[in-house]
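Accompanying notes for the structure given below.
The values are calculated or read from the model by the stated rules, or taken from the named source; none is laboratory data. In this text, all values refer to a predicted model and were calculated from it rather than measured experimentally. In this analysis, Cβ positions are derived from the backbone assuming ideal geometry, glycine residues included, and neighbour counts consider all displayed protein chains. For accessibility, only protein heavy atoms count, side chains too; no ligands or nucleic acids. Shrake-Rupley method; radii C 1.70, N 1.55, O 1.52, S 1.80 Å.
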Amino acid sequence: MTNGMTAPVGRFAPTPSGRMHLGNVFAALISWLSVKARGGAWVLRMEDLDTQRTSEEFAQVLRSDLLWLGLEWDLETDPQSKRSAVYDRYFDRLADLGLLYGCYCTRSQLHSVNAPHLSDGTYVYPGTCRDLTEAEKAAFGRAPAWRVKVPDRTYSLNDLCQGSFSQNLTAECGDFVVRRADGVYVYQLAVTVDDGEAGVTEVVRGMDLLGSAPRQMYLQELFGFDHPRYGHIPLLVAADGRRLSKRDRDLDMGALRSRMKPEQLLGSLAFSCGLIEKSEPLSARELAAEFSWDKLKKTEIVLRL
Ligand code: GLU
């Protein structure tokens, strides 16, 4: 790499629960361009913790769609469904630090508590089960979910897209679940371990996950991983301002592949988000030469296909 800097490592971590829609494609593209513009590596990982909703068939289609787009990965790491033994080790580390406790709250209890709710609909866990006695725990007669205690500390990051962002874990999040009662690990723990072990230095993903970054930064510290740079990219919206979603079937990769060439789609996306000045067909490699975070629009991006 130039300037003696080490090459960045980016990643794309899709949930193989259906065909990619344009929001996913956009996240994949920006993450790929950002590292490829600087000679870095790109890691692919299937986030299939939810085995009910995800499948290897969907993962195969996803890989085929990425290759069609020209977004080649340098390495695919094990899917999350195969890594419980690895997550166990990190979970044990939290236990050794005395940071875990079992939580027996039911879903309805959690949603009815008079705790402040965050803008994304999540609630601040008030610590109900933090100090249960052994007798109280035994009285539940069932396995608990496991929560990690959070410090009264504000985590701040300088996001490549959203600028500075801070969150106090006690006031704005509360102790959070890392393993469900059925033994399945939760996204926050799995993503931190996977990104950390893969040596990821740059996490680019949708803005809806910005509020998760402080929880992941806290776990990174506990597990001894460096913090990556974060880039939480804006949502794509239709010309009328409506948020695009999975329900827009005409914008899933199946429909798009049947009606345009990859260069056309990439050129339109790059134009919509401000990377190029006029809409023209360009390959992913060609776009890498144009990429800079400064050019990227920071608020909602109107899709111009
Ligand atoms: N698996 C998540 C998704 O499909 C992305 C998680 C992440 O990038 O951290 O939206």
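Worth a mention:
- Residue check, SER17 open to solvent by 10 Å² or more (accessible area, probe 1.4 Å), more than 30 Å from CYS129 (Cα to Cα) and among the small types (Gly, Ala, Ser): yes
- Sole exception among (1) in contact with a Leu (Cβ under 7 Å, 6 or more places away or on another chain); (2) surrounded by fewer than 20 Cβ atoms within 10 Å (Cβ to Cβ) for LEU219, by number: (2)
- Residue within segment 27-44 that is modelled with pLDDT of 95 or more, basic (Lys, Arg) and assigned to a loop (DSSP other than H, G, I, E, B) present: yes
- Pair list, Cβ < 6 Å and 6+ apart or interchain, from segment 188-214 residues that are more than 24 Å from VAL124 (Cα to Cα) and away from the ligand (no atom under 11 Å from the Cβ) to residues that are among the aromatic types (Phe, Trp, Tyr) and not in a helix (DSSP H, G or I): GLY196/PHE225
- Selection of segment 242-256 for residues being touching a residue at least 60 places away in the same chain (Cβ under 8 Å) and open to solvent by less than 80 Å² (accessible area, probe 1.4 Å) yields LEU244, SER245, ASP248, LEU251, ASP252, MET253, GLY254, LEU256.
- Residues being open to solvent by 40 Å² or more (accessible area, probe 1.4 Å) and either basic (Lys, Arg) or closer than 30 Å to LEU296 by Cβ (or both) - total across segment 136-159: 7
- Residue within segment 63-74 that is hydroxyl-bearing (Ser, Thr, Tyr), in a helix (DSSP H, G or I) and buried (at least 20 other Cβ atoms within 10 Å of the Cβ) present: no
- Residue within segment 130-141 that is at pLDDT 95 or above and polar (S, T, N, Q) present: yes
- Failed criterion for GLU47 (all others in (1) crowded, with 17+ Cβ neighbours inside 10 Å; (2) part of a helix (DSSP H, G or I) hold): (2)
- Test result for ASP175, of a type in the set (Asp, Glu), loosely packed, with under 15 Cβ neighbours inside 10 Å and away from the ligand (no atom under 16 Å from the Cβ): no
- Residues of segment 5-16 classified as near the ligand (Cβ under 8 Å from one of its atoms) and in a loop (DSSP other than H, G, I, E, B), total: 3
- Of everything in segment 239-290 that is among the polar types (S, T, N, Q) and not in a loop (DSSP other than H, G, I, E, B), the residue that is nearest to the chain's Cα centre (by Cα) is SER272.
- Among residues of segment 17-26, those that are within 10 Å of the ligand (Cβ to nearest atom) and either in a helix (DSSP H, G or I) or more than 21 Å from GLU56 (Cα to Cα) (or both), counted: 2
- Residues considered: SER272, SER245. Of these, the only one that is within 16 Å of the ligand (Cβ to nearest atom), touching a strand residue (DSSP E or B) at 6+ places or on another chain (Cβ under 9 Å), more than 28 Å from VAL150 (Cβ to Cβ) and among the hydroxyl-bearing types (Ser, Thr, Tyr) is SER245.
- In segment 16-29, the residues that are among the hydroxyl-bearing types (Ser, Thr, Tyr) form Cβ pairs under 8 Å with partners that are within 12 Å of the ligand (Cβ to nearest atom), at six or more places apart or across chains, as follows: SER17/ASP50; SER17/ARG53; SER17/THR54; SER17/PHE58.
- Only one of the listed residues (PRO228, PRO262) is within 12 Å of the ligand (Cβ to nearest atom), modelled with pLDDT of 95 or more, over 13 Å from GLY23 (Cα atoms) and open to solvent by 10 Å² or more (accessible area, probe 1.4 Å). That residue is PRO228.
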